[in-house]
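For reference, the structure discussed in these notes is given below.
The values are calculated or read from the model by the stated rules, or taken from the named source; none is laboratory data. Remember, it's a predicted structure, so these values are computed and weren't measured experimentally. For neighbour counting, all protein chains shown are included, and Cβ atoms are generated from backbone atoms with ideal geometry for every residue, glycine included. Heads up: the accessible areas ignore ligands, DNA and RNA and are worked out on the full protein's heavy atoms, side chains in. Shrake-Rupley method; radii C 1.70, N 1.55, O 1.52, S 1.80 Å.
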Amino acid sequence: MAASTHWLEIAVPAHVEAVEAVSEILSRYGHNGIAVEVPVASRGGADHIVKAYLVDDADAFAKVADARDALGHLQAFGLGPIGELAVREVEDENWLEAWKATITPIQVGRFLVRPTWSNASVAGTITIALDPGMAFGTGLHPTTQQCLEAVSYLDLDGLRVLDVGTGSGILAIAAAKRGAREVVGVDIDPLAVRAARENARANEVTVAVHEGSGADVDGTFEVVLANLVGSVLVQAAPHLRARLAPAGSLVAAGITTQAEREVLSAFVAEGLGVVDRDARADWVRLILTA
Ligand code: SAM
C-alpha cells in the first residue's frame, strides 16, 4: 500500500455478545481484518470497541453507509447493545502497527489464543494463532470460550473429533492440538470453510474441513463439538446423535437459557443425558452422552 494512502478508522462500541457479529460486518469493509478493544474489567453494556480501517477513497462514503445499515439490521437480533458507528481520519501512516498493538492474546482454559503476528506465549498453555476479522470464532465469544474450556479438560488423546459449525476452525484446531487422532470440521458457510482450512494450516495441524452440516458426515466420533444456536441444535439433534460413537461425548453450545429446555428435550429424545453443564452470561454449554 502506498505511503500516501489516507485511512479512515470506523469504530463501533458493542456488548461482548455482539462483538463477533459486529466484527463480521466491519471485516467486509476493513483492510486487513478488524481489531477489538476489550475493557480491562467489563461492566456490561457496549464496552468493547470493534474497529476497522479502510482506504479513504471514492468508495469510502458508500462503504461506511453500508456498514451503518448492516449494523442497524443487526440490532433487530437483540444480541446486546451496539453503539453508534464513529468515523475518523487516521493520519498515522503506521496505523497498521498501532492497530496490531491493540489486539491482545486471550487465555481460555489451557489455550492461549493470539493473532498470527504476535509471538506471545504463556508457560503451560497451548497456543492457537488466529487473526481477528476472520470467520466466527476468534475466542472472544462466551460460547466459544465455554467450548474451548471443554476441549481443555476432555481427554482427546487418540480420539476422533467432529466439529459441526467449525467457523474459524478454532475448536477443531484446539482438539487437534490436544492430541485428537483425527479431526473433521464442517460448516455450511463456504467462507468459514476456507478460513478454517487456512487457520489449520497456519497452526500446523491436520483438520479435514468440508462444506456442509452434520448430516453430510459419515462415521462416528468419540467427541462431537457443536457450537451452533438452539434452533439449529434442535433440528440437528438426530444427526449429531448418529455421529456419536458409543460412550462418546457431545459438547453442545450456543444455547440461550431460554432455549435450554427445548434443546435438552431434543437430545433426551435421542437417548442422550447431561453429564456437565456450564452457564455464563445467559449462555449454556452442555456435555451429553448416551
Ligand atoms: N465453532 C466456532 C466457535 O466455537 O467459535 C464457530 C461457531 S459459530 C456460533 C456457528 C457456525 O456454525 C457458523 O460458522 C455457521 O456458519 C455454522 N453453521 C450454522 N448452521 C450450521 C449447520 N446446520 N451445519 C453446520 N454449520 C452450521
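Overview of results
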item	result
Unique match (being aliphatic (A, V, I, L, M) and under 16 Å from Leu112 (Cβ atoms)) among Ala208, Ala180, Ala196, Ala174	Ala174
Qualifying position, being open to solvent by 20 Å² or more (accessible area, probe 1.4 Å) and within 28 Å of Gln107 (Cβ to Cβ), among Arg181, Arg243	Arg181
Test: residue in the range 230-247 that is under 18 Å from Leu148 (Cα atoms) and out of contact with any Gly (no Cβ under 7 Å at 6 or more places or on another chain)	no
Condition met for Leu171 (in a strand (DSSP E or B) and either within 18 Å of the chain's Cα centre (by Cα) or within 8 Å of the ligand (Cβ to nearest atom) (or both))	no
Among the residues listed as Asp218, Asp157, the single one being in a loop (DSSP other than H, G, I, E, B), of a type in the set (D, E, K, R), within 25 Å of Arg114 (Cβ to Cβ) and out of contact with any helix residue (DSSP H, G or I) (no Cβ under 8 Å at 6 or more places or on another chain)	Asp157
Close pairs (8 angstrom Cβ cut-off, 6 or more residues apart or separate chains): under 23 Å from Glu20 (Cα atoms) in the range 44-61, open to solvent by less than 30 Å² (accessible area, probe 1.4 Å) and aromatic (Phe, Trp, Tyr) anywhere	Lys51/Trp99; Tyr53/Trp7; Tyr53/Trp95; Tyr53/Trp99; Leu54/Trp7; Val55/Trp7
Number of positions in the range 154-168 that are within 8 Å of the ligand (Cβ to nearest atom) and of a type in the set (Lys, Arg)	0
Odd one out for Gly248 among (1) touching an Asp or Glu at 6+ places or on another chain (Cβ under 6 Å); (2) assigned to a strand (DSSP E or B); (3) more than 18 Å from Arg181 (Cα to Cα)	(3)
Matching option when the condition is free of Cβ contacts under 8 Å to residues at least 24 places away in the same chain and either within 9 Å of the ligand (Cβ to nearest atom) or in a helix (DSSP H, G or I) (or both), among Arg261, Arg241	Arg261
Residues within the range 263-280 that are surrounded by 12 or more Cβ atoms within 10 Å (Cβ to Cβ) and either hydrophobic (A, V, I, L, M, F, W, C) or over 23 Å from Ala247 (Cα atoms) (or both), tallied	10
Residues satisfying the stated conditions in the range 54-77, i.e. modelled with pLDDT under 85 and open to solvent by less than 50 Å² (accessible area, probe 1.4 Å)	Val55, Leu74
Matching entry among Leu233, Leu228 (being surrounded by 16 or more Cβ atoms within 10 Å (Cβ to Cβ), within 16 Å of the ligand (Cβ to nearest atom), in contact (Cβ under 8 Å) with a residue 60 or more places away in the chain and not assigned by TED's automatic domain parsing to the domain that holds Ala21)	Leu228
Residue count, the range 210-225 (criterion: touching a Leu at 6+ places or on another chain (Cβ under 9 Å) and within 8 Å of the ligand (Cβ to nearest atom))	2
